[in-house]
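Here, each number is a calculation from the coordinates, and none is a lab measurement. Because the structure is predicted, anything quoted here is derived from the model rather than measured. All Cβ positions, glycine included, derive from the backbone under ideal geometry; neighbour counts span all protein chains shown.
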Amino acid sequence: MDLSKLNEEVGTFISKTPKSKKLQERARFFMPGGSSRGTAYYDPYPAFIDRGLGNQIFDVDGNQYLDYMINATSLIMGHAHPLIVDAINQQAAKGTAYSGPSELQIVMAEMLCKRIPSMDSVRFANSGTEATLNAIRVARAYTGRHKIAKFEGGYHGSHEYVSVSVRPPAWKLDPNGPTSIPEFPGQPPSVSREVIVMPYNDLVKSEELLRRHKSDISCVIMEPVASALGYLPGNIEFLKGIRELTLELGIILIYDEVQSFRIGPGGAQVEWGINPDLTALGKTIGGGFPVGAFGGRMDLMEMFDPSQGGATIPHAGTFNANPMTLAAGKVVLEQLTPECYDRLNSMGNDLRMRMQTVFDELEVSACVTGVGSLFGIHFTNERVVDYRSMLRGDQDMRKALFLGLLNEGVLLQIVSAGALSTVTTDQDNDAILNALRSVVERIK
Ligand SMILES: Cc1ncc(COP(=O)(O)O)c(C=O)c1O
């Protein structure tokens, strides 16, 4: 792209955000780059948030944004939903954390297991990272095998073994196919050796790799909807093929539904009729509070059972199943009825179609991926099917679109992806489409 157009968007952003700029300068003194969270930083500096309400978010400079970022898709009922505020106020008055179980955790566990037939039993944690970490741990303990298999471009949290080939730059990619590439320097080489990396949506290559390493692979961890690829749903034959292969080879299949759980009452697995052995959850089920959960087959989850002479895998966590998170999460699960998902998903389908029409009318090479209430935008004229086809898109255009939309009062994820919430209206979707048209006209 013409980088002067990106710079113009940066200039407009700076002119609208003097207070954020000052806060960033102050933040730099005490935090590296002024930041504590990867996806909350963008150049030249992020807009500092003052408050959120419904589907709107307000920065310290008084700018108002339609929020399609909704804390990385987690705020499925928007900001400060009255029912959630009420539930957490009531819970806070009764105490925010106990060192013993509460009935709430049974209620929440029952709701999750009823929604997800593959989940016989579940445990709570505080992040999606902990959920995938524990799922992998039990797969290794159960199978007695060390290696894990994941897909190139797949993000499953920030722990060590999944920090392989997550966002490898183009110059590090082996043209012959995915290899294990450490995400950061200093990662012990033994980590990459334990991770088999496969191409998403490519059943033939994945099968070859799984068969070659079958006696060492404990689990395949994957998202049925690849979040980092613009919420790209896996081809159904591919997803079914991986399920059949893992069953045949005695490999545990872990579905990371930290994000895709929002596409239906039981997540993508129920929508598409595929039962993994274990599932990792997070984000939406916490109602806006830190959360993770992992669960699945009883014979696997029994390894965490402390009641029969001690757990095979001890799993501690000061804030596991804390009542604040559970009180908020319970409201979400109660409110998200099948009708609610139908509405969200049909609004999402409509938005993606209309976004694509904007690009087509403006004759810009772009494609809109996604499923249900999730969408991702790529500036490319090829079909996005995996990490490499996504990476070949114009990443500067994505940055320009993100900043341009901010300048128009719309907040997306930095990679130009987003999600709807139950408080998103048709008027909001009209507004994002108008903003999209204006920005694309400016930057194309
Ligand atoms: C698919 C997926 N898995 C796991 C995680 C990790 O969740 P958390 O940020 O709560 O640790 C994320 C977070 O973005 C995610 O998108």
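General observations
- Its Cα gyration tensor gives the chain an equivalent ellipsoid, and the semi-axes of that ellipsoid, as √(5λ) in whole Å with the largest first, are 34, 28, 21.
- Cβ-derived FRET efficiency at R0 60 Å, ALA316 paired with ASP61, nearest 0.05: 0.90
- Based on alpha-carbon atoms, the Kirkwood radius and the radius of gyration of segment 82-335 give Rg/Rh equal to 0.98.
- Helix content alone sets the calculated 222 nm mean residue ellipticity of the chain: runs of n ≥ 4 DSSP H residues at -39500 (n - 2.57) each, divided across all residues, give -12500 deg cm²/dmol.
- Inter-site label distance for TYR42 and GLU237 at 7 Å from Cα along Cβ, in nm: 3.7 nm
- Debye, to nearest 20: dipole size of segment 82-335, +1 on Lys, Arg Cβ, -1 on Asp, Glu Cβ: 280 debye
- For segment 62-70, the Karplus equation 6.51 cos²θ - 1.76 cosθ + 1.60, evaluated at θ = phi - 60°, returns couplings of x, 6, 10, 10, 6, 9, 9, 8, 5 Hz by residue, with Gly and Pro reported as x.
- Sequentially through segment 149-156, phi angles give Karplus couplings (6.51, -1.76, 1.60; θ = phi - 60°) of 10, 9, 9, 4, x, x, 9, 10 Hz, Gly and Pro residues having no value and appearing as x.
- Using C-alpha pairs below 8 Å separated by at least 6 residues, the relative contact order for the chain is 22 percent.
- Charged-residue dipole, Cβ positions (Lys, Arg, Asp, Glu), segment 1-119 about Cα centre, Debye nearest 20: 260 debye
- Spin-label pair THR357/GLU25, simplified geometry with 7 Å Cα→Cβ offset, distance in nm: 4.7 nm
- Projecting the Cα atoms of ILE236, GLY348, PRO323 onto the dipole axis of the chain, where Lys and Arg carry +1 and Asp and Glu carry -1 at the beta carbon, places PRO323 farthest toward the positive end.
- Stokes-Einstein, applied to the Kirkwood radius of segment 1-142 over Cα pairs at a viscosity of 1.002 mPa s and 20 °C, places its translational diffusion at 112 µm² s⁻¹.
- Candidates CYS367, CYS219, CYS340, ranked by Gaussian network fluctuation over the chain, Cα under 10 Å, top entry: CYS340
- For segment 255-260, putting each phi into the Karplus relation 6.51 cos²θ - 1.76 cosθ + 1.60 with θ = phi - 60° gives couplings of 8, 8, 10, 4, 9, 6 Hz, in residue order, rounded to whole numbers and with x for Gly and Pro.
- Between the amide H of VAL410 and those of LEU66, distances stay under 5 Å, these residues lying 5 or more places away or on another chain, with hydrogens modeled in the peptide plane.
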